[in-house]
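Below: the structure, in structure tokens.
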Amino acid sequence: AGIVLVDAPHEQQTEAARKMLSQQAWNLISGFWLHNPEGIDLAAEMERVGAISTDPNMALTVLSATVVQSPPFELQKEIAAEIAHISTKLFPSFQVQLAETSSRSQLVRVEDAGHYIHLQRPDVIVTAIRTMCKALSSTKK
């Protein structure tokens, strides 16, 4: 079995972000996470991603964004700086941790892409899936 994670959330992301952000920044970003435009239940997604770490030999590719994307609403300068900080320091470190959960992992930092890698760089997604399929089919022979 194998999996390709695309800028996936980390199970400790919410707690770590909460500790790093001011109350005002936390209120804004947590509200956005709860009512994100993708309609994703982030708490459930973080649990699913956390379950991956139970198989240290699973083939795993972690695609990580390199461009910071601001929430789709105006922010005060100070809050924007706080969110940029967690986006450039905290979240990438979690992508590394996700990749470290398997002995058969690969971390790919996707240039010129923010959180919406699938829209901004679909070529990278296709390549990652094809590479994973080839690797898995060659190990079954």
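The values are calculated or read from the model by the stated rules, or taken from the named source; none is laboratory data. None of the values given here were measured: they were computed from a predicted structure. Using ideal geometry, Cβ is built from the backbone for each residue, glycine included, and neighbour counts are taken over all protein chains shown. Side chains included, ligands, DNA and RNA excluded: accessible areas come from the protein's heavy atoms. Shrake-Rupley method; radii C 1.70, N 1.55, O 1.52, S 1.80 Å.
Name the residues in the range 18-32 that are touching a residue at least 12 places away in the same chain (Cβ under 8 Å), crowded, with 16+ Cβ neighbours inside 10 Å and in a helix (DSSP H, G or I), would you? Correct list: Ala25, Leu28, Ile29. If you go through the range 1-12 one residue at a time, do you hit one that is in a helix (DSSP H, G or I), under 17 Å from Gly114 (Cα atoms) and open to solvent by 20 Å² or more (accessible area, probe 1.4 Å)? No, that holds for no residue. The residues in the range 121-136 that are open to solvent by 60 Å² or more (accessible area, probe 1.4 Å) and farther than 12 Å from Val6 by Cα can be counted, and the count is 6. Restricting attention to the range 83-141 and to residues that are touching a residue at least 40 places away in the same chain (Cβ under 8 Å) and charged (D, E, K, R), the residue that is farthest from Gln24 (Cα to Cα) turns out to be Arg104. Just one of (1) surrounded by 15 or more Cβ atoms within 10 Å (Cβ to Cβ); (2) in contact with a helix residue (DSSP H, G or I) (Cβ under 9 Å, 6 or more places away or on another chain) fails for Gly50. It is (2).
Let's see how each residue does on (1) assigned to a loop (DSSP other than H, G, I, E, B); (2) under 30 Å from Ser138 (Cα atoms); (3) touching a strand residue (DSSP E or B) at 6+ places or on another chain (Cβ under 8 Å); (4) at pLDDT below 90:
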{"residue": "Ala51", "(1), (2), (3), (4)": "no, yes, no, yes"}
{"residue": "Thr54", "(1), (2), (3), (4)": "yes, yes, no, yes"}
{"residue": "Thr61", "(1), (2), (3), (4)": "no, yes, yes, no"}
{"residue": "Leu75", "(1), (2), (3), (4)": "yes, no, no, yes"}
{"residue": "Glu78", "(1), (2), (3), (4)": "no, no, no, yes"}
{"residue": "Ala84", "(1), (2), (3), (4)": "no, no, no, yes"}
{"residue": "Thr88", "(1), (2), (3), (4)": "no, no, no, yes"}
{"residue": "Leu107", "(1), (2), (3), (4)": "no, yes, yes, no"}
{"residue": "Thr127", "(1), (2), (3), (4)": "no, yes, no, no"}
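Among the residues of the range 60-75, is any under 21 Å from Glu11 (Cβ atoms) and surrounded by fewer than 16 Cβ atoms within 10 Å (Cβ to Cβ)? Scanning the range 60-75, I find no residue that is under 21 Å from Glu11 (Cβ atoms) and surrounded by fewer than 16 Cβ atoms within 10 Å (Cβ to Cβ), so the answer is no.
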